[in-house]
Each structure stands twice: as C-alpha cells, then as structure tokens.
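Read through the structure below, which is laid out as structure tokens, and then see the notes.
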Amino acid sequence: MSATEPRAGAASVPARPTHLQALGLLAGAMVMVASFILLCVKLGNAEFYAGFLFLLCWSALEEGKLEKLPRAVFGSAFGLALGYSLHFFTTGSLGATGGYIFGAFVLPVIYCQLMGWFPLLVNFTAMTFLTVITIPHIQQHGDFGKTAIALLLGIVYFGAILGVASRLSGTKQQDQTG
C-alpha cells in the first residue's frame, strides 16, 4: 500500500470544490455575513460577534448538522450565561470575592465537561462561548442583553439559512441517487 492510498476503514476525505464552486460559496458567504451584520446594525446591536461565534461552533464543532443544532444552541446559551455570571459576580459589591464565587460555580461545570456529563448543555460550544465571554474587554464593555439578542438572531438567521441549504442539498443528493 502506498502512502497516498487511504487505509481500509479510514474516513473518506470530502472532495474539494472546483474554483467556480468555491467562488460561488464565497459570494454566498459574503452575502450571508453582510446581511447578518446589516440586520444587527439596523436593530442597533453591535454585539453581532455572538451570532458569528454560534455559526463557527455549529459549523466547525458540530459540522453544521441539523440534528446537532440543539447542542450548539444550548451550549452557546449556557456558555453565554456562564460568562455573564462572571460579570455579575465581579462587578457588584462582591469585587474580587465574586471571582472566587464564580470559580466555585464554574469548576463543577468544567468537571462535567471532562466527564462528558450533560452534553446537550455542557459541551465544547459552551466552553468556547465561556472563553470568549470572559475576555476582559467583553466583561468590561460588552452589553450582555444585546449579546444574548445577537446570539438569538444568529441562531434563527444562520439556522434558517443552513437548514434550508441542508434540506436542498439532501433533496438534490436523493434526486441524483434515486
């Protein structure tokens, strides 16, 4: 067996798009991204990164599969809530003590992640959102209400677009095989 031959039982590598297909995908992505930003701006929401972070987690971590959408939705919402809890505990009268309370609260969550418990809620998407939301600049200057709205918009917007695209490509594949 040569080095270029796939091993028996190895997952097949998806075919790369042609140059024309890649340009079409790029144009579609540009329209999708620009229209999401425009939607958020029209609503007065500058926290649109949350929608894009959701899209990244769903498409990369969950491979954009519709059946894995709930994991991405609940994980992103839980991660955002955890990040907000850090803000809540540390910006009030508790100060640094709030950080310890947050630590005591989040350590069992991390343990659940390590053990694979509650995967619908505690998953890599939740940990990704938690990591981003705990960035000091976001903690100090972020608008958590608008971030939650942008996340919800991203879930609906990207979920609808990719859901339709998935159904159309599934129908197209069935037509070609059937």
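Scanning the range 63-90 for residues that are among the polar types (S, T, N, Q) and either closer than 18 Å to Phe118 by Cβ or without any contact (Cβ under 8 Å) to a residue 12 or more places away in the chain (or both) yields Ser76, Ser85.
Put simply, of Val132, Val122, Val156, Val73 the only residue that is modelled with pLDDT of 95 or more, farther than 20 Å from Phe36 by Cβ and either surrounded by 12 or more Cβ atoms within 10 Å (Cβ to Cβ) or not hydroxyl-bearing (Ser, Thr, Tyr) (or both) is Val122. Filter the range 138-155 down to the residues that are over 15 Å from Leu53 (Cβ atoms) and in a helix (DSSP H, G or I) and list them by number. Residues satisfying the conditions are Gln139, Gln140, His141, Gly145. The criterion of at least 1 residues that are closer than 30 Å to Leu168 by Cα and of a type in the set (Lys, Arg) is met, among helices (runs of 4 or more DSSP H) falling completely within the range 29-136, by 69-91.
So that you can scan it fast, the table gives a plain yes or no per residue for (1) modelled with pLDDT under 90; (2) loosely packed, with under 10 Cβ neighbours inside 10 Å; (3) out of contact with any strand residue (DSSP E or B) (no Cβ under 9 Å at 6 or more places or on another chain):
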residue	(1), (2), (3)
Pro6	yes, no, yes
Gly9	yes, yes, yes
Ser12	yes, yes, yes
Thr18	no, yes, yes
Ala29	no, no, yes
Leu39	no, no, yes
Asn45	no, no, yes
Gly51	no, no, yes
Leu56	no, no, yes
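Do the conditions hold for Gly103, that is, is it in contact (Cβ under 8 Å) with a residue 24 or more places away in the chain and either out of contact with any Pro (no Cβ under 8 Å at 6 or more places or on another chain) or of a type in the set (D, E, K, R) (or both)? So Gly103 fails the test. Scoring Val109 on the criteria (1) more than 26 Å from Ala46 (Cα to Cα); (2) buried (at least 17 other Cβ atoms within 10 Å of the Cβ); (3) touching a residue at least 40 places away in the same chain (Cβ under 8 Å) leaves a single failure, condition (3).
The values are calculated or read from the model by the stated rules, or taken from the named source; none is laboratory data. As the structure is a computational prediction, the values presented were derived from the model and not from experiment. Methodologically, a virtual Cβ is constructed for each residue, glycine included, from the backbone with ideal geometry; neighbour enumeration extends over all protein chains shown.
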